[in-house]
């Protein structure tokens with residue numbers, strides 16, 4: 001086993017899968033926010049470019065050539081790396097991501113796994129990390145954001161799947177998915193109707209009769225044994 005090669009392969013797979021999620025979409029669709037917190041595809045690419053530049057550049061004192069302004073400014077806009085400005089083209093951000101990958105790949109290739117770097121934005125006890133630990137952290141972060149991209153792309157046009165070459169889905173038949181979603185929806189409605197969990201004007205109504213409800217949203221053992229209905233803030 002070669003842990004460095006294994007982790008690097010997972011990182012490269014995350015990069016490829018993320019870029020695939022943008023393929024075939026308009027300039028508007030890759031930019032527009034699809035969640036209340038503004039998650040958008042091109043912003044995810046931009047953010048992960050910054051992640052790779054920072055963790056495989058700054059952390060190991062390996063400066064980046066011609067870094068984007070928002071990478072070096074100390075007073076940059078909060079969440080500025082999570083969305084594309086009107087002045088930034090798709091090609092600008094994709095090129096930035098590829099540059100970040102090349103820089104990261106060089107760091108990974110040239111340093112041993114036990115090389116220690118310094119992460120200034122971590123708590124003091126965690127600031128000195130090995131390349132091994134940084135790789136684990138970045139691989140986890142990248143795949144987490146690829147999961148976000150999965151959902152955003154599906155919301156745009158229904159495209160889903162693990163990767164371009166291996167969707168890893170049980171069916172590609174829309175009718176199968178309509179039936180599956182209906183079953184999931186029916187099960188959720190049946191659970192609510194059974195009185196196990198209900199939503200009442202933004203509060204969660206938790207039935208505790210016969211269940212170990214002590215510790216659930218403040219329910220006490222007495223309430224649990226009494227079979228009362230406990231309504232708590234959601």
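The values are calculated or read from the model by the stated rules, or taken from the named source; none is laboratory data. Keep in mind that what you see is a predicted model, and the values were worked out from it rather than measured. Glycine also receives a Cβ, built like all others from the backbone with ideal geometry; neighbour counts cover every protein chain displayed.
Collect the residues in the range 109-119 that are within 16 Å of residue 54 (Cα to Cα) and free of Cβ contacts under 8 Å to residues at least 24 places away in the same chain, keeping them in residue-number order.
Result: 116, single match.
Here is a yes/no grid of residues against (1) assigned by TED's automatic domain parsing to the domain that holds residue 19; (2) in a helix (DSSP H, G or I); (3) farther than 24 Å from residue 34 by Cα; (4) within 22 Å of the chain's Cα centre (by Cα):
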site: 104; (1), (2), (3), (4): yes, yes, yes, yes
site: 107; (1), (2), (3), (4): yes, yes, yes, no
site: 112; (1), (2), (3), (4): yes, no, yes, no
site: 121; (1), (2), (3), (4): yes, no, yes, yes
site: 141; (1), (2), (3), (4): yes, yes, no, yes
site: 144; (1), (2), (3), (4): yes, yes, no, yes
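Criterion first (in contact with a strand residue (DSSP E or B) (Cβ under 9 Å, 6 or more places away or on another chain) and either within 21 Å of residue 134 (Cα to Cα) or in contact (Cβ under 8 Å) with a residue 24 or more places away in the chain (or both)) does residue 53 satisfy it?
Values: in contact with a strand residue (DSSP E or B) (Cβ under 9 Å, 6 or more places away or on another chain): no; either within 21 Å of residue 134 (Cα to Cα) or in contact (Cβ under 8 Å) with a residue 24 or more places away in the chain (or both): yes.
No; evaluated as a whole, the condition is false for this residue.
Consider residue 100 carefully, then state whether it is surrounded by fewer than 18 Cβ atoms within 10 Å (Cβ to Cβ), assigned to a helix (DSSP H, G or I) and either in the same structural domain as residue 47 (by TED's automatic domain parsing) or in contact with a helix residue (DSSP H, G or I) (Cβ under 6 Å, 6 or more places away or on another chain) (or both).
no
For the range 178-200, give me the residue count where each residue is modelled with pLDDT of 95 or more and surrounded by 11 or more Cβ atoms within 10 Å (Cβ to Cβ).
Number satisfying all stated conditions: 2.
Give the residues of the range 123-139 that are outside any helix (DSSP H, G or I) and either in contact with a helix residue (DSSP H, G or I) (Cβ under 8 Å, 6 or more places away or on another chain) or surrounded by 12 or more Cβ atoms within 10 Å (Cβ to Cβ) (or both), sorted by residue number.
Listed by number, the residues that qualify are 127, 128, 129, 130.
Conditions first: (1) touching a residue at least 60 places away in the same chain (Cβ under 8 Å); (2) surrounded by 15 or more Cβ atoms within 10 Å (Cβ to Cβ). Residue 27 passes all but one, so which condition is the exception?
Among (1) touching a residue at least 60 places away in the same chain (Cβ under 8 Å); (2) surrounded by 15 or more Cβ atoms within 10 Å (Cβ to Cβ), the lone unmet condition for residue 27 is (2).
So, of the residues in the range 69-83 that are under 23 Å from the mean Cα position of the chain (by Cα), assigned to a loop (DSSP other than H, G, I, E, B) and modelled with pLDDT under 95, which turns out to be nearest to residue 47 (Cα to Cα)? Spell out the reasoning first.
At the first step, the residues of the range 69-83 found to be under 23 Å from the mean Cα position of the chain (by Cα) are 70-71, 76-83.
Now narrow it down to the ones that are assigned to a loop (DSSP other than H, G, I, E, B): 76-79, 83.
Narrowing the set further to residues that are modelled with pLDDT under 95 leaves 76-79.
Numbers: 76: 14, 77: 13, 78: 12, 79: 9 Å.
By that ranking, first place goes to 79.
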